[in-house]
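Notes to accompany the following structure.
The values are calculated or read from the model by the stated rules, or taken from the named source; none is laboratory data. What you see is a predicted model; the values in this text were computed from it and never measured. Note that each Cβ is placed from the backbone with ideal geometry, even for glycine, and that neighbours are counted across all protein chains shown.
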Amino acid sequence: MRIKKVGIVGAGTMGSGIAALVISAGVPVVLLDIPGQGEDRNEPAKKGVERALKSRFPAFMDKDLARYIEVGNIEDDLAKLKDCDWVLEAVVERLDVKRDLYAKLEGVLKPTAIVSSNTSSIPMRHLLEGRSEAFRRRFLGTHFFNPPRFLKLLELIPTPETDPEALEAIRRFGERILGKGTVLAKDAPGFIANRLGVFGMVQTLRLMERHGLTIDEVDALTGELLGRPKSATFRTGDLTGIDVLLLVARELSEATGEDFRLPEWVERLAASGRLGDKTGAGFYKKEGEEILTLD
Ligand code: NAI
C-alpha cells in the first residue's frame, strides 16, 4: 500500500502546515476547505496555500506549487479526493463538523483510501459513530504538532477496528517520507502529548493568577530558562490558536471529568477576536518586527 497522493480537508493552521510538509516531500496534495463567501469559492483553501508558503517553504516549490497542490472547497470539489491514497481531516475541533464531513467522504473516496483525523482531543470512537465497517477499517488518528514541518512527533491512534496494513502504511509514510518519529497512542482523551500539555498549561495559568505574574514573566520562566526557547507557555498558545486551546480544554474536561478549563480572561480574549498568530494578536501582538504583550 503506497501513498502517492494526499488529500487534506481543512486549510487552517494545521491543514496548511501539513500540506507544506507533504509537498516538500514531493508528494502531491489536494487541499480543501469550506467555500468562500465571495466570488472565489476556493478562497479559504487558497489562503491555506499562502500560509503554507510562508512556513519557510523551499524556494523552488514556490513556482512549482501548482504541480503539487490542487485547491478546492468541500461543496463543489469532494470528487477531487477520489484518487487520494490518504485523506487527512484537519477541520475545526468540533465533533459535529468532523462527523458530517466523514459521512460525505464515505461516498466519494476509493475503497482502499485511508482516512485520518488530526484531532487534538476527540476520541476516535466518537468520530466514527454512524460510519460503515469498511470506513472504520481504513480510519485512524494522525496527530501532528504545530508547526508540522518542524515538530518531529506524530501520534498514531488506531482503533481496535483499524486495519493493521493501513496503520503500517501511515507509519511508514510518516517516518520515511515525512521524517517524523511516530508513537502509538491509545484512544484516550488528549492521547499522550495534549493530555500532559494542556494539564501543564492549566496549572501554569492557575499559578500565574495566584502569584500575580504577567504573561512576560510566565514566558520567561517557562521558556528559555527551561531550555525550551520556542515553547514558552503563551508563545505556544498563540501559535496553537486560543480558540483551538479553548475547544481542546473543553473537550478534555468533558471526556475525563477532570477540570481542564482555562480561566475566564482567556475566553474573553478569544471572544474579542484575538486568536493568536492567525489573527495577528492573541496573548502577544505582532507589530512589524516587534512582538508586544497585550495588556
Ligand atoms: P484552524 O481554526 O486554524 O483551521 C480550521 C479550518 O477548518 C479552517 O480553515 C476552517 O475554514 C476549516 N473548516 C471548518 N469546517 C470545515 C469543513 N466542514 N470542511 C472543511 N474545512 C472546514 O484550526 P487548526 O488549528 O488548523 O486545527 C485543525 C485540527 O487540528 C483540529 O482538530 C485541532 O484540534 C487539530 N490540531 C491543532 C493544533 C494546533 O496547534 N492548532 C495542533 C494539533 C492538532
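Give me the pairs: first residue in the range 82-109 and closer than 22 Å to residue 17 by Cα, second residue in a loop (DSSP other than H, G, I, E, B) and within 10 Å of the ligand (Cβ to nearest atom), beta-carbon distance under 6 Å, and six or more apart or on different chains, which are they?
Partner pairs satisfying both residue conditions: 90/10; 90/118; 91/10; 95/122; 97/91.
Report, by residue number, each residue of the range 172-205 that is assigned to a loop (DSSP other than H, G, I, E, B) and not charged (D, E, K, R).
178, 179, 185, 188, 189, 190, 191, 192
Identify all residues within the range 158-196 that are within 24 Å of residue 236 (Cα to Cα), out of contact with any helix residue (DSSP H, G or I) (no Cβ under 6 Å at 6 or more places or on another chain), crowded, with 18+ Cβ neighbours inside 10 Å and free of Cβ contacts under 8 Å to residues at least 40 places away in the same chain; write none if there are none.
174, the sole residue that qualifies.
Could you figure out which of (1) closer than 23 Å to residue 154 by Cα; (2) within 11 Å of the ligand (Cβ to nearest atom); (3) modelled with pLDDT of 95 or more isn't true of residue 78?
Only one criterion is unmet by residue 78, namely (1).
Going by the conditions given, is residue 30 in the same structural domain as residue 147 (by TED's automatic domain parsing), more than 10 Å from the ligand (Cβ to nearest atom), among the β-branched types (Val, Ile, Thr) and not in a strand (DSSP E or B)?
No; evaluated as a whole, the condition is false for this residue.
Pairs under 6 Å by beta carbon, first residue of a type in the set (Lys, Arg) in the range 1-28, partner within 16 Å of the ligand (Cβ to nearest atom), six or more apart or different chains?
Short answer, once both residue conditions are applied: 5/84.
Can you tell me which residues in the range 107-126 are at pLDDT below 95 and either within 12 Å of the ligand (Cβ to nearest atom) or among the acidic types (Asp, Glu) (or both)?
120, 121, 122
Just need a number here: residues in the range 213-249 that are more than 18 Å from residue 270 (Cα to Cα), at pLDDT 90 or above and of a type outside the set (A, V, I, L, M).
So the count comes out to 6.
Condition check: within 13 Å of the ligand (Cβ to nearest atom), at pLDDT 95 or above and assigned to a loop (DSSP other than H, G, I, E, B). Does residue 11 satisfy that?
Answer is yes for this residue.
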